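Working notes, beginning with the structure itself.
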Amino acid sequence: MTKKPKWVVEKEQAQRDEARATVWLFGLHAVRDALVNPARQKIKLVVTRNARDRLGEIVDSATCEVVEADPRKFPAPLDPGSVHQGAALEVKPLDWGLLDDIAVSGSGPIVALDRVTDPHNVGAILRSAEVFGARAVIAPARHSAPETGALAKTASGALERQPYLRVGNLSDALIRLQKMGYTCLGLDGEATVDLTQALTDTADRPLCLVLGAEGPGLRERTRETCDQLVRIDAAGAFGSLNVSNAAAVALFAAAQARSYSRS
């Protein structure tokens with residue numbers, strides 16, 4: 001038998017490890033929404049008596065192992081500071097499929113995050129993306145926030161409904177979107193073009209909003225790949241927003257621009 005090359009063995013092992021990987025979601029909202037999501041593979045639910053009562057019939061119809069726990073000795077392997085509210089659920093990460101398929105479905109923008117690693121920021125962005133009808137939020141597979149309990153809790157259920165895809169290379173993903181007709185607008189506080197004007201000019205084309213991490217902002221290749229760099233105009237001298245607030249403002253502005261273009 002021919003021996004497999006080392007890189008093939010390592011790749012197959014990585015795929016098996018990824019398949020075995022699980023995530024612990026916590027908090028009543030995150031756990032409730034995951035339990036009712038048919039696309040979510042559930043493994044084990046740990047609840048206190050009080051949390052079980054608050055979740056109600058959802059627990060009785062759960063398709064996974066249910067463990068009722070003493071709140072003083074909560075057995076789920078969570079970080080000590082996690083506010084679990086007496087509920088934790090072990091799950092497999094969601095599989096949202098391929099970016100190319102999502103990009104041709106729906107009508108909202110795509111949000112691309114360049115090395116945004118704070119799970120609380122990403123969770124908040126997922127909430128805004130769901131509210132304003134984004135098709136997906138995408139981020140690079142490395143140097144981004146993975147699906148975690150903290151992210152899910154901040155997203156307050158949006159993680160179960162709003163596609164969140166991690167792609168191999170963000171710039172390559174942006175180029176694929178451009179070939180599909182997307183305009184990629186990169187948010188940059190030093191840009192000379194106003195976001196509102198850029199959205200008005202491109203309202204008839206599918207849109208990708210690209211945001212970078214607080215501090216470093218967009219990486220050089222990401223900046224070069226974007227069709228245009230734009231800024232959010234501020235009323236005063238202090239014009240800085242954190243990335244989750246900037247995403248919310250940009251998504252709202254995009255929704256308004258498309259609404260006006262149809263009227």
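The values are calculated or read from the model by the stated rules, or taken from the named source; none is laboratory data. Computed from a predicted model, the values in this text were never measured in an experiment. Cβ placement follows ideal geometry from the backbone for every residue including glycine, while neighbour counts extend to all protein chains displayed. What goes into the accessible areas is simple: the full protein's heavy atoms, side chains included, and nothing from ligands, DNA or RNA. Shrake-Rupley method; radii C 1.70, N 1.55, O 1.52, S 1.80 Å.
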- prompt: Which pairs have Cβ atoms under 6 Å, sit 6 or more apart or on different chains, and link a residue in the stretch 244-263 that is at pLDDT 90 or above to one that is open to solvent by 40 Å² or more (accessible area, probe 1.4 Å)?
  reply: 249/232; 251/132; 253/196; 255/132
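A quick yes/no check of all residues on (1) surrounded by fewer than 21 Cβ atoms within 10 Å (Cβ to Cβ); (2) touching a residue at least 60 places away in the same chain (Cβ under 8 Å):
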residue	(1), (2)
183	no, no
191	yes, no
194	yes, no
203	yes, no
207	no, yes
212	no, yes
218	no, yes
221	yes, no
228	yes, no
message: For the stretch 117-143, give me the residue count where each residue is touching a strand residue (DSSP E or B) at 6+ places or on another chain (Cβ under 6 Å) and either open to solvent by 50 Å² or more (accessible area, probe 1.4 Å) or among the small types (Gly, Ala, Ser) (or both).
response: 5
query: Pairs under 7 Å by beta carbon, first residue open to solvent by less than 20 Å² (accessible area, probe 1.4 Å) in the stretch 34-45, partner outside any loop (DSSP other than H, G, I, E, B) and among the small types (Gly, Ala, Ser), six or more apart or different chains?
result: 40/34
- line: Within the stretch 60-115, the count of residues that are at positive phi, open to solvent by 70 Å² or more (accessible area, probe 1.4 Å) and more than 19 Å from the chain's Cα centre (by Cα) comes to 1
- prompt: Which condition breaks for residue 29 when tested against (1) touching a Gly at 6+ places or on another chain (Cβ under 6 Å); (2) modelled with pLDDT of 95 or more?
  reply: (2)
statement: The helices (runs of 4 or more DSSP H) lying wholly within the stretch 38-109 that contain at least 3 residues that are among the basic types (Lys, Arg) are 49-55
task: Evaluate the stretch 216-239: report whether one residue or more is touching a strand residue (DSSP E or B) at 6+ places or on another chain (Cβ under 6 Å), farther than 30 Å from residue 78 by Cβ and of a type in the set (Gly, Ala, Ser).
output: no
message: If residue 63 meets every condition in (1) touching a Lys or Arg at 6+ places or on another chain (Cβ under 7 Å); (2) modelled with pLDDT of 95 or more; (3) among the hydroxyl-bearing types (Ser, Thr, Tyr) apart from one, which number is that one?
response: (2)
